[in-house]
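S.K.: Here you go, one structure.
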2 protein chains.
Amino acid sequence: MASLITRLNSGEPDFLQRLHALLAFEATEDEAIERAAAQILASVRTQGDAAVLEATNRFDRMQADSVASLELAQSEMQAALDSLAPERRAALESAAARVRAYHERQKAECGSDGFMYTEADGTRLGQKVTPLDRVGIYVPGGKAAYPSSVLMNAIPAKVAGVKEIIMVVPTPDGVKNPLVLAAAAIAGVDRVFTIGGAQAVGALAYGTDTIPQVDKIVGPGNAYVAAAKRRVFGTVGIDMIAGPSEILVICDGTTPPDWVAMDLFSQAEHDELAQSILLCPDNEYLDAVLQSIARLLPQMPRQDVIRTSLANRGALIKVRDMDEACEIANRIAPEHLEISAENPDVWADKIRHAGAMFLGRFTSESLGDYCAGPNHVLPTSRTARFSSPLGVYDFQKRSSVIYVSEQGAQKLGKVAAELAYGEGLQAHARSAEMRLKDGGEA
Amino acid sequence: MASLITRLNSGEPDFLQRLHALLAFEATEDEAIERAAAQILASVRTQGDAAVLEATNRFDRMQADSVASLELAQSEMQAALDSLAPERRAALESAAARVRAYHERQKAECGSDGFMYTEADGTRLGQKVTPLDRVGIYVPGGKAAYPSSVLMNAIPAKVAGVKEIIMVVPTPDGVKNPLVLAAAAIAGVDRVFTIGGAQAVGALAYGTDTIPQVDKIVGPGNAYVAAAKRRVFGTVGIDMIAGPSEILVICDGTTPPDWVAMDLFSQAEHDELAQSILLCPDNEYLDAVLQSIARLLPQMPRQDVIRTSLANRGALIKVRDMDEACEIANRIAPEHLEISAENPDVWADKIRHAGAMFLGRFTSESLGDYCAGPNHVLPTSRTARFSSPLGVYDFQKRSSVIYVSEQGAQKLGKVAAELAYGEGLQAHARSAEMRLKDGGEA
């Protein structure tokens, strides 16, 4: 059973080294993919629709005669929604409502109104917050087609006030995913094109005759899509390029071991590179979880993926105490952190770095993935040290506002001129001095 | 005089084409620079201090015998501050105080406290906001050494609550800039190393025995620094890679033409690629500004740079009216937008995309560059469509917080399981179902 998952103990002298080896993940850049993506982008940039059409017909085995014919009518999304089994439709609508409610709260609480204040001399300073005009959402086709991702990417944009949301989703061999189209209808996506790959990223970034240019592209995709997104960054905004998904569970030993085993599986089933780690001060509890893993694994349809992921990247780690577990969690800066313990807030207060925290034994990560409300697009690979969940703020931007009164210009002009001369920028200095009553216009 | 700066008229049929040609700016990637930066990063990553020391001695013509000897004592920063002429010191301190006050306001107004709310069944949802642990600030050496940049990069980090700020600044031939060191003292920079280039970026991103790893690197640099920052992105956070600086002035014709001419100069003097554009509905006023340009230019110490910048990238544009000027401004999405007009708020309300807006004829952009308070690190090259001024929020990150009550788990578990089965993720579904009273633990 030892081969199912690595066991570590924080008390061993080489623990930190072994932990770092376990966490190490180097995103390999494939030169061939980089080159192919660059070529497709260049052709879309120069040839527009013609290049998008050619690539789509070729890669997705389609026979479209125009990019316009690859756009889906709103009625098609509505029909997909109407075709769903009632329980599934209800679940999707309930998830969307909760995600919307959370992000509306986020919008209200995160300074979306901007601010403005006036100083004694009449000078006004502040910040204006505005939504992006138009956003593109990439949705993968085929097996990784997740309707929940449509909700998680589109709803914050909608709540932010983005005027137009354009979704692209490849439909290889013309096969459409009704759940994805239904999610687009519920989320309020404005237009849908059945295109994908680097050609879709290029079309959104540069615009074509048929597909309007967007200001930002979000959503997951394969290696070609990731390479293309990295390349168009700067022309448009992009979200983070996600690494393999991760869960870190801190458990005080009071949660049923089966629950924790299944939580580890729920991350491991994503793909072989996903990482599931459990920290616990109780070695016997770790034994019990290992027993649960061994017993439950054969029941899982995706057991091969889970087995590989747990064996290569998973770990059960015995820690000194819950305080040390929190320290290690801050070092790992995990995408998902479950604190499956009595009084989880005590430990949550000690956490500085995590994409999302799931507190208490009833909060399985899967609830957050679908319907708790907060976003499931989260920073991976230790980037929670400096980045945040996808949110309303990703679809807004800020502009500083400066109004200097005539009186204010007298005081500020002297300061600015002094510093500008110090930096050798005389036009800056003169521009400030011209507004001075004693140094203005000749 | 026609060769001084391009004249355009929005009424001409090819106007948009000509405008786009004027705005077009392609950041060229130099393969040799990319390769050199990659090599230096790789050597710093594997050899740490030794590589940093070797590169610093070679590129900056230094004879240091250890990286530790390249660290400056706090007393050296304080001595630099004490050495300044009183007016210059007062100006620097006054600028810092105003920048600090603005960013403290920003922190208070932008949701830095996070939020938390409780639903009827006891489920709690929210967002925790935390500062980054440690930030690196890159400060260029030589001619582009701007103390104002030290203030603008360090103060928001400090206000955000970053515990340690590490500044790197190359000192070619050992020459230190006292204004830069004084600014570091005022801004509260914690440690300063006299290193630069890709080796400094690598040291901050990966950490060495002497230089601690940071979570984010901000601040401007040359092409090697920019290439290195792009490469370490993901390992650490970075700020935007800035393009050439830009100013767009919208004037209703009521501002003294010399003032506007000098405002255009103040951008153009940065470098030959900087862009200065004026929009005005009054052709005679544009003639007057052109006269001012011709008369004032020979007085400017940096007239060669200004002349090239205005000739190649500047424009005076006759527009139909102020409304059209605002439409064009939104299309340009400028870094700096001056609305030099009566009742500037009327026009500011119509602006959706700008890094910073300078309202009223007394608000020269140079006041904002130094001491108005808002940040001077702003999105360039139309990226104001989707990005924001550097701010306190760039030194904070958010974590979602989800606590689902036992009762909440009954309702949410069914929704999550239904959607997880729909996505073929059975472990996700089972993980949620185990928390149901009728479907839990065997």
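To keep it simple, each residue is scored yes or no on (1) over 19 Å from B:D215 (Cβ atoms); (2) small (G, A, S).
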| position | (1), (2) |
| --- | --- |
| B:G141 | yes, yes |
| B:A145 | yes, yes |
| B:L151 | yes, no |
| B:A154 | no, yes |
| B:E164 | no, no |
| B:P172 | yes, no |
| B:N177 | yes, no |
| B:A187 | no, yes |
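S.K.: Evaluate the following for A:A329: is it closer than 26 Å to B:Y393 by Cα, among the hydrophobic types (A, V, I, L, M, F, W, C) and surrounded by fewer than 24 Cβ atoms within 10 Å (Cβ to Cβ)? Walk me through it before giving the result.
M.R.: Details: closer than 26 Å to B:Y393 by Cα: yes; among the hydrophobic types (A, V, I, L, M, F, W, C): yes; surrounded by fewer than 24 Cβ atoms within 10 Å (Cβ to Cβ): no.
Here the answer is no, as A:A329 does not meet what is asked.
S.K.: While we're here: Which is within 11 Å of another protein chain (Cβ to nearest Cβ), of a type in the set (D, E) and over 15 Å from B:V392 (Cα atoms), of B:E109, B:E119?
M.R.: Details: B:E109 fails: over 15 Å from B:V392 (Cα atoms).
Testing whether each residue is within 11 Å of another protein chain (Cβ to nearest Cβ), of a type in the set (D, E) and over 15 Å from B:V392 (Cα atoms) leaves just B:E119.
S.K.: Go through the range B:332-350 and give me each residue that's crowded, with 24+ Cβ neighbours inside 10 Å and closer than 22 Å to A:Y117 by Cβ.
M.R.: Filtering the range B:332-350 down to residues crowded, with 24+ Cβ neighbours inside 10 Å leaves B:333-340.
Within the range B:332-350, B:H336, B:L337, B:E338, B:I339 qualify.
S.K.: Just need a number here: residues in the range A:289-309 that are within 11 Å of chain B (Cβ to nearest Cβ) and hydrophobic (A, V, I, L, M, F, W, C).
M.R.: Here the count works out to 5.
S.K.: Here's another thing I want to ask about it. Given the conditions (1) within 12 Å of chain B (Cβ to nearest Cβ); (2) touching an Asp or Glu at 6+ places or on another chain (Cβ under 9 Å); (3) over 30 Å from B:L367 (Cα atoms); (4) in contact (Cβ under 8 Å) with a residue 12 or more places away in the chain, which single one is not true for A:P178?
M.R.: With respect to (1) within 12 Å of chain B (Cβ to nearest Cβ); (2) touching an Asp or Glu at 6+ places or on another chain (Cβ under 9 Å); (3) over 30 Å from B:L367 (Cα atoms); (4) in contact (Cβ under 8 Å) with a residue 12 or more places away in the chain, A:P178 is out only on (2).
S.K.: Answer yes or no as to whether B:V175 is surrounded by fewer than 20 Cβ atoms within 10 Å (Cβ to Cβ), among the aliphatic types (A, V, I, L, M) and either more than 27 Å from B:A64 (Cβ to Cβ) or over 16 Å from the mean Cα position of the chain (by Cα) (or both). Give the steps one after another, and end with the answer.
M.R.: Numbers: surrounded by fewer than 20 Cβ atoms within 10 Å (Cβ to Cβ): yes; among the aliphatic types (A, V, I, L, M): yes; either more than 27 Å from B:A64 (Cβ to Cβ) or over 16 Å from the mean Cα position of the chain (by Cα) (or both): yes.
Taking the combined requirement at face value, the residue satisfies it.
S.K.: Of these, A:I241, A:I250, which one is under 29 Å from A:Q267 (Cα atoms) and assigned to a loop (DSSP other than H, G, I, E, B)?
M.R.: Values: A:I250 fails: assigned to a loop (DSSP other than H, G, I, E, B).
Every option except A:I241 fails the conditions.
A quick yes/no check of all residues on (1) assigned by TED's automatic domain parsing to the domain that holds A:Q47; (2) surrounded by fewer than 24 Cβ atoms within 10 Å (Cβ to Cβ); (3) closer than 30 Å to A:L316 by Cα:
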{"site": "A:G202", "(1), (2), (3)": "yes, no, no"}
{"site": "A:I211", "(1), (2), (3)": "yes, no, no"}
{"site": "A:Y224", "(1), (2), (3)": "yes, yes, no"}
{"site": "A:I247", "(1), (2), (3)": "no, no, yes"}
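S.K.: Check every one of the strands (runs of 3 or more DSSP E) wholly within the range A:336-438 and list those with 3 or more residues that are touching a strand residue (DSSP E or B) at 6+ places or on another chain (Cβ under 6 Å) and facing chain B (nearest Cβ under 7 Å).
M.R.: Working: elements: A:336-340, A:356-359, A:396-403.
So the answer is A:356-359, A:396-403.
S.K.: Which of (1) crowded, with 17+ Cβ neighbours inside 10 Å; (2) among the charged types (D, E, K, R); (3) part of a loop (DSSP other than H, G, I, E, B) is the odd one out, the single condition A:E12 does not satisfy?
M.R.: Only one criterion in (1) crowded, with 17+ Cβ neighbours inside 10 Å; (2) among the charged types (D, E, K, R); (3) part of a loop (DSSP other than H, G, I, E, B) is unmet by A:E12, namely (1).
S.K.: Scan the range B:139-150 and give yes if some residue there is away from every other protein chain (no Cβ under 13 Å), within 26 Å of B:S83 (Cβ to Cβ) and free of Cβ contacts under 8 Å to residues at least 40 places away in the same chain, otherwise no.
M.R.: No, the conditions are met nowhere in the range B:139-150.
S.K.: Give the residue that is farthest from A:E327 (Cα to Cα), with candidates limited to residues of the range A:347-364 that are more than 20 Å from the chain's Cα centre (by Cα) and without any contact (Cβ under 8 Å) to a residue 24 or more places away in the chain.
M.R.: A:F362
S.K.: Now for a separate question. Considering only the range A:294-306, I want to know if a residue exists there that is assigned to a strand (DSSP E or B) and either in the same structural domain as A:A145 (by TED's automatic domain parsing) or on the phi < 0 side of the Ramachandran plot (or both).
M.R.: No, that holds for no residue.
S.K.: Given the structure, is A:T383 buried (at least 24 other Cβ atoms within 10 Å of the Cβ), without any contact (Cβ under 8 Å) to a residue 60 or more places away in the chain and of a type in the set (S, T, Y)?
M.R.: Working: buried (at least 24 other Cβ atoms within 10 Å of the Cβ): yes; without any contact (Cβ under 8 Å) to a residue 60 or more places away in the chain: no; of a type in the set (S, T, Y): yes.
Criteria not met by A:T383.
S.K.: Here is a list of conditions, (1) more than 19 Å from B:I402 (Cβ to Cβ); (2) hydrophobic (A, V, I, L, M, F, W, C); (3) in contact with a strand residue (DSSP E or B) (Cβ under 9 Å, 6 or more places away or on another chain), and A:M300 meets all of them except one; can you say which number that is?
M.R.: Of (1) more than 19 Å from B:I402 (Cβ to Cβ); (2) hydrophobic (A, V, I, L, M, F, W, C); (3) in contact with a strand residue (DSSP E or B) (Cβ under 9 Å, 6 or more places away or on another chain), only one is false for A:M300: (3).
S.K.: Of everything in the range A:202-226 that's touching a Leu at 6+ places or on another chain (Cβ under 9 Å) and among the small types (G, A, S), which residue is farthest from the other protein chains (Cβ to nearest Cβ)? Step through it out loud before you land on a result.
M.R.: Initially, the range A:202-226 is screened for residues touching a Leu at 6+ places or on another chain (Cβ under 9 Å), giving A:202, A:205-206, A:210-218.
With the extra rule that they be among the small types (G, A, S), the set shrinks to A:202, A:205.
Numbers: A:G202: 16, A:A205: 11 Å.
The selected residue is A:G202.
S.K.: Give me the strands (runs of 3 or more DSSP E) completely within the range B:79-163, filtered to those with at least 3 residues that are surrounded by 20 or more Cβ atoms within 10 Å (Cβ to Cβ), ordered by residue number.
M.R.: On the way: elements: B:115-118, B:124-131, B:134-138.
Filter on the range B:79-163 gives B:124-131, B:134-138.
S.K.: May I pose another question? Of the numbered conditions (1) of a type outside the set (V, I, T); (2) part of a helix (DSSP H, G or I); (3) in contact with a helix residue (DSSP H, G or I) (Cβ under 6 Å, 6 or more places away or on another chain), A:M167 satisfies every one except a single condition; which is it?
M.R.: Here A:M167 meets the rest and fails (2).
S.K.: Hey, another quick one. Go through (1) in a helix (DSSP H, G or I); (2) free of Cβ contacts under 8 Å to residues at least 12 places away in the same chain; (3) not acidic (D, E) one by one and return the number of the condition A:N312 breaks.
M.R.: (2)
The values are calculated or read from the model by the stated rules, or taken from the named source; none is laboratory data. In this text, all values refer to a predicted model and were calculated from it rather than measured experimentally. Cβ atoms come from the backbone with ideal geometry, glycine included; neighbour counts cover every protein chain shown.
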